[in-house]
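Before we start, here is the structure in question, set down as structure tokens.
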Amino acid sequence: VEFAIVLPILLLMVFGIVDFGRALYTVNNLTSAVREGARLASTQIDPDPTTGGSKSAVQTAVSSYVVAFGGNAGAPTVSETFAGAPPNMQSITVKIVDYPFQPITPLAGLIGLGTIQMSPSATFRWEAAP
């Protein structure tokens with residue numbers, strides 16, 4: 001009888017720990033993906049990282065990193081923000097916008113955590129800045 005009383009609480013704790021670990025793993029890998037995209041954008045040889053080709057290369061790099069670690073199918077929404085305009089640009093910020101994370105715990109939906117939106121970003125200094 002005691003086990004029947006404690007089992008639901010124990011299972012809730014175990015699944016909560018598993019979901020928390022998965023969420024940390026996901027946000028860590030998304031942060032690494034935007035960091036790689038920002039590093040690529042800040043070091044590109046193209047004199048203007050605001051061009052379509054440069055933005056496409058960053059999008060591809062971030063998307064391939066996200067898919068490589070087992071992220072959701074489909075490309076994440078990547079946005080780039082530039083502080084200034086070439087040749088006086090100072091920094092580049094790359095951000096994944098509202099990446100959906102689905103907890104596996106069925107009770108997460110009951111407390112309003114059906115889907116968690118993650119939006120990591122990384123800012124790097126533009127290497128060609130004066």
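The values are calculated or read from the model by the stated rules, or taken from the named source; none is laboratory data. From a predicted model like this one, the values you see are computed outputs, not experimental measurements. With ideal geometry, Cβ positions are generated from the backbone for all residues, glycine too; neighbour counts draw on all protein chains shown. Note: areas computed on protein heavy atoms with side chains; ligands, DNA, RNA excluded. Shrake-Rupley method; radii C 1.70, N 1.55, O 1.52, S 1.80 Å.
Run the quick spin-label model on residue 113 and residue 43: label points 7 Å from Cα toward the beta carbon, then report their separation in nm to one decimal.
3.7 nm
Next question, about the same structure. What ranking do 88-98, 4-14 get when scored by the average of other Cβ atoms within 10 Å per residue, highest first?
The packing order, highest mean first, is 88-98, 4-14.
Between residue 50 and residue 75, what length in nm is gained on full extension when 0.36 nm per residue of separation is reduced by their alpha carbon distance?
7.0 nm
For the chain, find the longest principal axis of its Cα atoms and tell me its angle to the long axis of helix 2-43, 0 to 90°, nearest 10.
0 degrees
Turning to a different aspect of this structure: Taking the chain as the reference, fit the longest principal axis to its C-alpha atoms, fit the long axis of helix 52-68 to the helix C-alpha atoms, and give the angle between the two in degrees, 0 to 90, nearest 10.
The angle comes out near 30 degrees.
Next up: Gaussian network model of the chain, Cα springs within a sub-10 Å range: biggest mean-square fluctuation belongs to which of 110, 30, 40?
110
Rounded to a whole number, what % of the accessible area of the range 1-110 do carbon and sulfur atoms account for, probe 1.4 Å?
Of the solvent-accessible surface of the range 1-110, carbon and sulfur hold 68 percent.
Please list 80, 2, 36, 127 in order of solvent-accessible area, largest first, computed with a 1.4 Å probe with all protein chains present.
Final ranking, largest accessible area leading: 2, 127, 36, 80.
Provide the descending list of Cα extents for the chain along its principal axes, expressed in whole angstroms.
The principal-axis extents, from largest down, are 73, 25, 20 Å.
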